[in-house]
Ligand SMILES: Nc1ncnc2c1ncn2[C@@H]1O[C@H](COP(=O)(O)OP(=O)(O)O)[C@@H](O)[C@H]1O
Ligand SMILES: [Mg+2]
């Protein structure tokens, strides 16, 4: 092909630098469209050929006008959402412009928690009991049949934002009164006590070609609501939980039809019944530094490999995974009392990364010895709670981010 592969990225939030860098490294023409409020963010400008700022990416039909205007004089090969919130937008634009990749309906399965539940159940994948928040007889029936506690979850948020744990019907009706016309954008489901896992994968030709399964220390919901140190550790491949989740993940991603890309998917193992429940999936790289944890274990950077997958598709080439190395990694992060917490005391040779973010303490441990990973993670978690840990009330919506950052 004589012309350059052109990749247009949408980013409602500041992320995906490694994706942009990889596109540039592979000699693509890179276009970034971001909201005005991110003009001063530290974008890797040397990797971006053209950058456009708009007041609001999610304003229709303005965004369609803008992207199709760009397309008049550019052959855009792929539209990529760098943030989870941009997944349906990219789907909508691709559908409108008849481009490859997830369209409207397919991207909704990766964004809308009610659609995820419904699609999973229809395909025989175990999920917590749930109901849409549309019809009050259905809600009454749900509450009569499913013992509390329940979770009232926004269908389209991330990072456990806006999730409420409810203990009786009165709490639900009061909450719905507060929500008014917003209520149908929530899903009500059974709270299943259990251990939460995440599996981070790369998909090509609708097959998972790479995945790493990890187990959260404390479930993310408890960390965001009650505070604590966020920890996660990779599981060995022979671990039965790892094997079960790897299989389930393949089924979820094939059923949901990701086709090509990267996904962060969560499962929960019920304490009461030992069964695996599907929690959520996505068509994006996991947040909270999980991408780095995977990279320090395997050498695979999910952002960069997602870019390589997209470029291979655009160029009609065959994608090849890089050579992997095999370490176990663990990640710890907590909010810190100190503006710049001093992590120099965490100096075991297995510490391969330290977070550099105001009021956050975080690090990655990498080792070939699984017992060593477990013991370091345990002692560091205790030391983190003693040395750094702070707590802030959980956010309701991602739009509140700007106010604290
Ligand atoms: N039905 C459930 N029962 C128990 N815990 C749940 C359930 N659904 C979600 N959680 C907890 O809430 C967290 C956030 O929910 P999730 O659906 O993953 O939304 P988010 O996109 O905000 O991460 C999960 O990681 C898990 O800890
Ligand atoms: Mg989650």
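The values are calculated or read from the model by the stated rules, or taken from the named source; none is laboratory data. This structure is a prediction, so every number in the text was calculated from the model and none was measured. Ideal geometry is used to build each Cβ from the backbone, glycine not excepted, and the neighbour counts take in all protein chains shown.
Take residue 120 and decide whether it is in contact (Cβ under 8 Å) with a residue 12 or more places away in the chain and closer than 30 Å to residue 54 by Cα. Show your work before the answer.
Values: in contact (Cβ under 8 Å) with a residue 12 or more places away in the chain: yes; closer than 30 Å to residue 54 by Cα: no.
The answer is no for residue 120.
For every residue, the table says whether it meets (1) closer than 21 Å to residue 111 by Cα; (2) part of a strand (DSSP E or B).
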| residue | (1), (2) |
| --- | --- |
| 134 | yes, no |
| 137 | no, no |
| 142 | no, no |
| 147 | no, no |
| 153 | yes, yes |
| 157 | yes, no |
| 160 | yes, no |
| 170 | no, no |
| 174 | no, no |
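Against the conditions (1) closer than 30 Å to residue 26 by Cα; (2) surrounded by fewer than 21 Cβ atoms within 10 Å (Cβ to Cβ); (3) at pLDDT 95 or above, where does residue 351 fall short? Just the number, please.
Checking residue 351 against (1) closer than 30 Å to residue 26 by Cα; (2) surrounded by fewer than 21 Cβ atoms within 10 Å (Cβ to Cβ); (3) at pLDDT 95 or above, the one that fails is (1).
Failed condition for residue 231, given (1) within 13 Å of ligand 2 (Cβ to nearest atom); (2) in a strand (DSSP E or B), with all others met?
The failed condition is (1).
Among the residues of segment 182-210, write down those that are surrounded by 20 or more Cβ atoms within 10 Å (Cβ to Cβ), within 30 Å of residue 320 (Cα to Cα) and without any contact (Cβ under 8 Å) to a residue 60 or more places away in the chain.
208
Please state which one of 46, 27, 112, 84 is at pLDDT below 95, out of contact with any helix residue (DSSP H, G or I) (no Cβ under 6 Å at 6 or more places or on another chain), closer than 27 Å to residue 302 by Cα and not assigned by TED's automatic domain parsing to the domain that holds residue 302.
After applying the criteria, what remains is 84.
What tally of residues in segment 177-207 results from selecting those that are more than 15 Å from ligand 2 (Cβ to nearest atom) and more than 26 Å from residue 300 (Cα to Cα)?
Matching residues across segment 177-207 total 13.
Between 127, 133, 196, 203, which is more than 11 Å from ligand 1 (Cβ to nearest atom), within 30 Å of residue 329 (Cβ to Cβ) and in contact with a helix residue (DSSP H, G or I) (Cβ under 7 Å, 6 or more places away or on another chain)?
Only one candidate passes the filter, namely 203.
Show the residue pairs meeting these rules: Cβ distance below 8 Å; 6+ apart or different chains; first residue within segment 262-290 and within 14 Å of residue 241 (Cβ to Cβ); second residue within 14 Å of ligand 2 (Cβ to nearest atom) and at pLDDT below 95.
268/219
Just to be sure before I move on: is residue 174 within 16 Å of ligand 2 (Cβ to nearest atom) and either crowded, with 17+ Cβ neighbours inside 10 Å or free of Cβ contacts under 8 Å to residues at least 24 places away in the same chain (or both) in the structure I sent?
Here the answer is no, as residue 174 does not meet what is asked.
So which of 247, 310, 317 ends up being surrounded by fewer than 21 Cβ atoms within 10 Å (Cβ to Cβ) and under 28 Å from residue 155 (Cα atoms)?
247
From the list 331, 335, 343, pick out the single residue that is modelled with pLDDT under 95 and assigned by TED's automatic domain parsing to the domain that holds residue 203.
Sole residue among the options that is modelled with pLDDT under 95 and assigned by TED's automatic domain parsing to the domain that holds residue 203: 335.
So, residue 91, is that one under 21 Å from the mean Cα position of the chain (by Cα), within 27 Å of residue 286 (Cβ to Cβ) and at pLDDT below 95 or not?
Considered against the rule, which asks whether it is under 21 Å from the mean Cα position of the chain (by Cα), within 27 Å of residue 286 (Cβ to Cβ) and at pLDDT below 95, residue 91 comes out as no.
Pull up segment 147-162, narrow it to residues that are in contact with a strand residue (DSSP E or B) (Cβ under 7 Å, 6 or more places away or on another chain) and modelled with pLDDT of 95 or more, then point me to the one that is farthest from ligand 2 (Cβ to nearest atom).
Among them, the one singled out is 148.
Determine if segment 182-191 includes at least one residue that is within 16 Å of ligand 1 (Cβ to nearest atom), in a helix (DSSP H, G or I) and either within 30 Å of residue 35 (Cα to Cα) or at pLDDT below 95 (or both).
yes
From 284, 354, 372, grab the single residue that is under 25 Å from residue 85 (Cβ atoms) and touching a strand residue (DSSP E or B) at 6+ places or on another chain (Cβ under 9 Å).
Every option except 284 fails the conditions.
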